[in-house]
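Colleague: Can you keep this structure in mind? I'll have questions shortly.
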Amino acid sequence: MGRLAGSSNRNAPPGAFLFPQVGVAAAAGLLVLAMGSWGPLASEAVAQDEVFATQSQIRDLSRRLDRIERTLDSSAMQELLRGAETMNREMRELRGEVETLRHELERLNARQRDQFRNLDERVATFETGAAAPADTAAPADEVIEFDLPEADEQAAYQEAFEQLMAGDYNAAMSGLERFIETYPDSDYSANAWYWLAEAKYASGDFEAALEDFEHLREQYPESDKSGDALLKIGYAHYELGNEDEAREALEAVRADFGGTTLDRLARERLRRLDGQ
């Protein structure tokens, strides 16, 4: 009997010997239940692994952020930022100086054209044989006087222009309006009107900017800013949703200034009108 019992135990399913008083089917059921309880434990282990991985990523990002902050706080980076700021300030100053010199060059060119015109007239008079009256004294040597702006006038314009270049639009508008009122006949008047309109445009006041650009075109048609004003008239109409007026102004720019930067900018804005 003992051998038979031992033999039957050896042929029993795994785990059945743990429950000698329970049937084979009952033992198998208990085994299935035990295996089913391992599922949540395995899921929990996977979740913990994911948490550990996320924490590792956070620590890595934190270390990288610390390195970036140390770099930004370093003296080399601070020196680089100060250098960039200095360069921007110098560029604004140079723009102002170029603007001033360009106006002075325009005045000199205009004065030179007047002098050549006067000289041509005098030469033509002698070539036709017209003699001057006998009692007319010989003209004295002509003295050329350059009508350069007064120091205060130039300084006022320069200050407003630099405020505009620095992005201080409210201060620039106040300065330019004050300049136009104080020096209505200045050689800078046309440009003052243009930059005043630009400041308003940059501030988002497209209606007011449009009025000033149109005023410049009407009052100073020979100004070198007339073409720029025409382009900005097209821009202002575009921003206001006046597509027909915008297209008309931009097409006029293309017709009058073909092959120039103004022409290229007008073409780009026309493509935007066409939805390209």
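The values are calculated or read from the model by the stated rules, or taken from the named source; none is laboratory data. Treat the numbers as computed from the prediction; the structure is a model and nothing was measured. All Cβ positions, glycine included, derive from the backbone under ideal geometry; neighbour counts span all protein chains shown.
Colleague: Only one of (1) modelled with pLDDT of 90 or more; (2) among the hydrophobic types (A, V, I, L, M, F, W, C); (3) over 30 Å from the mean Cα position of the chain (by Cα) is not met by Ala172, so which one is it?
Modeller: (3)
Colleague: If I ask for residues that are farther than 12 Å from Ala190 by Cβ, in a helix (DSSP H, G or I) and free of Cβ contacts under 8 Å to residues at least 12 places away in the same chain, which ones from the stretch 212-244 would you list?
Modeller: Within the stretch 212-244, Asp244 is the sole residue that qualifies.
Colleague: Filter the stretch 189-211 for residues that are in a helix (DSSP H, G or I), touching a helix residue (DSSP H, G or I) at 6+ places or on another chain (Cβ under 6 Å) and of a type in the set (Ser, Thr, Tyr); which is farthest from Asp168 (Cα to Cα)?
Modeller: Applying the filter and picking the extreme gives Tyr194.
Colleague: Within the stretch 245-276, count every residue that is free of Cβ contacts under 8 Å to residues at least 24 places away in the same chain, among the hydrophobic types (A, V, I, L, M, F, W, C) and surrounded by 11 or more Cβ atoms within 10 Å (Cβ to Cβ).
Modeller: Result for the stretch 245-276: 4.
Colleague: What pairs come out if I take residues in the stretch 47-75 that are on the phi < 0 side of the Ramachandran plot and pair them with residues that are surrounded by 10 or more Cβ atoms within 10 Å (Cβ to Cβ) and modelled with pLDDT under 70 whose C-beta lies under 7 Å away, six or more apart or interchain?
Modeller: Pairs found: Thr71/Met77.
Each row is one residue, and each column tells you yes or no for (1) at pLDDT 95 or above; (2) basic (Lys, Arg).
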{"residue": "Phe146", "(1), (2)": "no, no"}
{"residue": "Glu150", "(1), (2)": "no, no"}
{"residue": "Arg178", "(1), (2)": "yes, yes"}
{"residue": "Asp187", "(1), (2)": "no, no"}
{"residue": "Ala209", "(1), (2)": "yes, no"}
{"residue": "Pro221", "(1), (2)": "no, no"}
